[in-house]
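Structure record follows, encoded as structure tokens.
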Amino acid sequence: MSDDFCSPGRDRPLGFHHRIGRAVLDSLGLPKPKNEHREIARAAILAEAILAHDEGKTVSYSRRRQFYTGRQRYMGPAYTYANVISEIDVLGPAGLLEEQRAKSGSRDWQSTFCATPALHSVCSSSGYWDFSFQLHDPIKLVIKGSDGRRHLIAYRDTAATRAMRREIEGINADYSGLVLDLPSVEKTDHHWIVEESTIRPTPLILYRVSIEAAGSVGGGPTHIGNSCSNVSGLSCSSMASLLRNRITADCTLR
């Protein structure tokens with residue numbers, strides 16, 4: 001991977017929560033995607049590449065088929081091995097992504113990609129600020145492994161999960177009219193700059209996280225574990241930083 005434009009800093013995992021606008025997709029001159037899900041994958045991959053570029057980071061993703069099993073609940077139906085790999089294999093040779101593939105059998109390392117100057121140039125002239133945000137499921141079930149990491153797990157809907165979803169969707173409907181404004185914080189097209197941190201704000205959306213300890217689940221979670229609520233956009237640590245530095249003195253929630 002070239003050091004000219006790919007930052008060696010910590011990468012961001014590939015998510016399908018952002019999609020780039022149709023104007024950019026149409027301006028790239030690429031072959032039409034095979035189907036709607038491939039188009040969504042292409043729009044998400046490009047959006048993540050541009051957002052990570054603005055943050056000085058690369059995007060990590062897996063080239064292992066097993067990695068994508070059961071993740072569609074959280075990332076949407078387009079988040080599959082075939083869609084992600086096929087689109088990256090189109091965008092790389094087209095000169096829009098610079099890719100570094102992890103060696104086969106590598107432990108704790110994934111492949112990465114970043115936006116090339118060509119992609120950034122096209123997006124800058126096409127209004128790349130046209131992004132949409134998607135939250136596919138407001139309930140997250142997480143298993144905490146023996147390595148200390150938290151892993152999303154698939155689950156079957158039950159009366160309990162459906163009740164949780166209805167409750168959270170009702171709260172989010174109330175949140176939808178709120179706007180968080182921090183006038184004293186430096187802002188770019190898609191980010192807030194707080195001290196030395198680049199924060200990617202998202203809509204004020206509440207979601208629920210339930211954590212299961214390793215070994216407590218068999219074929220699936222046997223119960224909803226310790227639960228907490230989080231607002232996507234500002235992480236708890238980022239909000240704490242704002243409070244510590246009294247930036248919230250200029251904060252308006254309307």
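Each value in this text was obtained by applying a stated rule to the coordinates, not by laboratory testing. These numbers were taken from a predicted model, which means no experiment stands behind them. Positions of Cβ are generated from backbone atoms using ideal geometry, with glycine treated the same way; all protein chains shown enter the neighbour counts.
Points worth noting:
- Going from the residue with the fewest nearby Cβ atoms within 10 Å to the one with the most, H151, H37 rank H151, H37.
- Shape call, region 76-115: gyration tensor on alpha carbons, a/c limit 1.5: oblate
- Residues I45, I205, I199, sorted so that the one with the fewest Cβ neighbours within 10 Å comes first: I205, I199, I45
- Mean projected area (nm²) of the alpha-carbon convex hull when region 7-129 is viewed from all directions: 7.3
- Computed about its Cα centre, the charge dipole of region 12-132 is approximately 560 debye, with only Lys, Arg, Asp and Glu carrying charge at their Cβ.
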